[in-house]
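Read-outs: derived from the displayed coordinates by stated rules, not from any lab. Worth saying up front: this structure is predicted, and the values here are computed from it rather than measured. Cβ coordinates were reconstructed from backbone atoms using ideal geometry, including for glycine residues, and neighbour counts include every protein chain displayed.
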Amino acid sequence: MPWFLWTAASLAVVFVVGWFVVPGLLRSLIKRRLSNYRTEFTVPDASKPERLEGKRRVAVLGGGVAGLTAAITLARRGFEVELFESNAYLGGKLGSWKVPLGPGEEAWVSHGFHAFFANYFNLNRFLDSLGLRREFISIGEYVILGTDGAEVRFGQMETTPVFNLLSLARNGVYRFRDVLKAPARDVFGVFLEYDEKDTFSRYDDVSFADFDRLAKLPPRLKLAFNTFARAFFSDEDKLSLAELIKSFHFYYLGQDGGLVYDYPVHDYEPQFLAPMRAELDRHGAKVHLSTRVESLERTANGFRVNGTPFDRAVLATDVVGARAIMSQATGIDAALKAPFEKLETGQRYAVLRIWIDKDVRTGFPPFVITDRVKVLDAFTTYHRFEHEAQAWTKQHGGAVLELHCYAVPEDLSPEQVRQALLDEFERFFPEVKGYTLKHEAFQLNRNFTAFHLGMYRHRPGVESGVPGLVCAGDWVKLPFPAMLLEAACASGLCAANVLLREVGLREEAVSAVPGRGLMAGVPPPPARKLLVPGAGKTAP
Ligand SMILES: Cc1cc2nc3c(=O)[nH]c(=O)nc-3n(C[C@H](O)[C@H](O)[C@H](O)COP(=O)(O)OP(=O)(O)OC[C@H]3O[C@@H](n4cnc5c(N)ncnc54)[C@H](O)[C@@H]3O)c2cc1C
């Protein structure tokens, strides 16, 4: 064979190996190293009984996703469950309620659009057990919109961890030469090294703002990180870098679903909460709505909740409720109450639902992250997917939209927040200029869990230390990475499992993304010391 044919054949082999075989091999190595992107934290023991034979009364304090998960799980197993919820509706931050729009006309509104990710293993299984994921749609595309109209799109990006990081560069989110320069080069590796113990002991006292200053994040990469930071309802100087690393691991580097998620086509009340209420009723659980828990008293045999005796209690309120209930609880040792005193809320968040007579342009998914100027963090076009909103636009035309601010600047009054949301909305969507605001529903709340600097070490776990009192909620420290809705549901399952375990019943399955990142356990380079507390502030 002539030499040039040999050369061409060799080049072809190198090309095929380099282009197809090596990446394929790397992908499967990464998958294996990350436990196939899923670990089974609790595997039910089929030899154990499923249902409780005796009688055990359990009070569930709080009816958000965490409380509902615990209440439904225990009621299904034969426990006598009573759920106390201070709102007039179930669901907590996933809850919804009706607002009047005009004579004879009303609409459901909620705390805001929620995304359901593929790696919400426990929540997805729980919803499946109720048949509640039938009417879900995939978002298909994850878009971040700049004020200049520029878009960063994640939908088509690689999903394999590490490849997904490289893919960000290929899509113009950052340039290799920017991140390969010191000090950025020396600190970026932290995201691949997630390991609960190490990450939190090293970086829980470092803020995201310090990291940004030190790493000199390229603007578009900063924008991408901001979308993770926003999940914490916190300004950058308060947000713990360790929590951000966990979030990045949970949503991006520890799983292969990319950032694409599902969302329901109905309002949350008909889609989730009415069926959950029906499940509680079916299993004989009592639900006390509009009933704030004012007193928790530890007794010789269990607890009194608002004066009613129970054998066990699940504390599943938000952080505001948990701190208040525990500070006034009687019969509980001060040392065991102490961690609850340290629970805090993040910043205020604002949600403005508007019904207007014009529509915004098409070409992006129903939920879009915006590169906020002062307040507008995200935007939802409800009339493009939610059946209830579609019924309104069918009759009136126009659009039903929702404007979000996830960390409201402290210096703004409620009216200033509302106005700023509307102003920024017009800035991102100039095509609606001159629109008429037909109806609006505005909320400004401060009840979201804070994930601030140095809070991790005090965070209560599922087992409170008080015999018979277990905790559930997105604020509870879990022994595996989980966040938001998934953390709420997983903690509800773990709390129920403690009570199932103590009476010898089969526990519920609990799954999680891998507990450690791809590079966890590899000794960090000395330059990583740049990130130790204080170093960021003085860094170049
Ligand atoms: C605007 C917004 C957008 C979000 N988007 C997403 C998203 O896209 N994806 C995602 O995964 N998560 C999202 N989240 C977060 C998610 O909603 C929460 O993490 C989750 O719902 C928390 O559930 P929980 O049961 O722990 O707490 P909560 O939902 O806060 O439930 C606690 C319940 O306890 C009740 N309570 C408090 N005190 C008392 C008392 N003293 N007595 C009786 N009851 C009491 C409260 O009324 C509440 O119903 C979002 C949250 C918000 C606000």
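Here the simple spin-label model places points 7 Å from the Cα toward Cβ, and for R185 and S47 these points are separated by 5.7 nm. On full extension, the segment bounded by T436 and R361 gains 25.3 nm, given 0.36 nm per residue less the C-alpha separation.
For region 162-256, what is the relative contact order in percent, using Cα pairs closer than 8 Å and at least 6 residues apart in sequence?
Working: 84 pairs, mean separation 35.1, N = 95.
Once normalised by length, the contact order is 37 percent.
When each of D212, D333 is scored by the number of other beta-carbon atoms lying within 10 Å, the sequence from fewest to most is D333, D212. Note: relative contact order over the chain, using C-alpha pairs below 8 Å and six or more positions apart, is 25 percent. Highest mean first, the peptides 445-451, 400-406 sorted by other C-beta atoms within 10 Å per residue fall in the order 400-406, 445-451.
Stretched out fully, how many nm does the piece from E105 to R446 gain, at 0.36 nm a residue minus the Cα gap?
119.8 nm is the gain from fully extending E105 to R446.
Multiplying the residue separation of V503 and V532 by 0.36 nm and subtracting their alpha-carbon distance yields 5.9 nm.
Evaluate E = 1/(1 + (r/R0)^6) for T330 and R175, where r is the Cβ-Cβ distance and R0 equals 56 Å; express this FRET efficiency to the nearest 0.05.
FRET efficiency, T330 to R175: 0.40.
Across region 237-382, the relative contact order, built from alpha-carbon pairs under 8 Å that are at least six residues apart, equals 11 percent. If you count Lys pairs in region 162-256 whose Cα atoms are under 24 Å apart, skipping same-chain pairs closer than 8 places in sequence, the total is 9. From least to most packed, judged by other beta carbons within 10 angstrom and beginning with the fewest, F480, F41, F379 follow the order F480, F41, F379.
When the helices of the chain are scored as -39500 (n - 2.57) per DSSP H run of n ≥ 4 and the total is divided over every residue, the value at 222 nm lands at -9500 deg cm²/dmol.
Between L289 and L26, the C-beta separation translates, for a Förster distance of 45 Å, into a calculated FRET efficiency of about 0.25. Across region 49-60, computed HN-Hα scalar couplings (Karplus, 6.51 cos²θ - 1.76 cosθ + 1.60, θ = phi - 60°) run x, 9, 10, 6, 8, x, 10, 9, 9, 10, 9, 10 Hz from first to last residue, x flagging Gly and Pro.
Amide H to amide H distances under 5 Å link T39 with A512, V513, where only residues 5 or more positions off or on other chains count and H is placed in the peptide plane.
Separation of region 239-268 from region 85-100 is 24 Å, based on Cα centroids.
Once the gyration tensor of the Cα atoms in region 162-256 is diagonalised, the equivalent ellipsoid follows with semi-axes of 19, 15, 14 Å, ordered largest first.
Describe numerically, in nm with one decimal, the distance between label points set 7 Å from Cα along Cα→Cβ at E297 and at T147. Distance between label points: 5.7 nm. Think of the chain as having a plus end and a minus end, set by charges on the Cβ of Lys, Arg, Asp and Glu; of L90, G149, G54, G54 sits farthest toward the positive end of this dipole. Modelled this way, with points 7 Å down the Cα-to-C-beta line, the labels at K55 and E415 are 5.8 nm from one another.
Among the trypsin sites (Lys or Arg not before Pro) within region 355-414, those in coil by DSSP and having at most 15 neighbouring Cβ atoms inside 10 Å are K358, R361, K374. Database remark: amide H of L101 closer than 5 angstrom to the amide H of E106, A107 (H placed geometrically; neighbours at sequence offset of 5 or more, or on other chains; Pro and chain starts carry no H). For the chain, a simple Cβ point-charge model (Lys and Arg +1, Asp and Glu -1, everything else neutral) yields a dipole of about 1180 debye relative to the Cα centre. The H on the amide N of V287, modeled in the peptide plane, is under 5 Å from the matching H of L83, each at least 5 residues off or on a different chain. Here the Karplus curve 6.51 cos²θ - 1.76 cosθ + 1.60, taken at θ = phi - 60°, turns the phi angles of region 228-243 into couplings of 7, 4, 5, 4, 9, 6, 8, 5, 5, 6, 9, 6, 5, 4, 4, 5 Hz, with x standing for Gly and Pro. Residue order for M455, M326, fewest other beta carbons within 10 angstrom first, comes to M455, M326.
Region 107-181 and region 343-417 have Cα centres lying 18 Å from one another.
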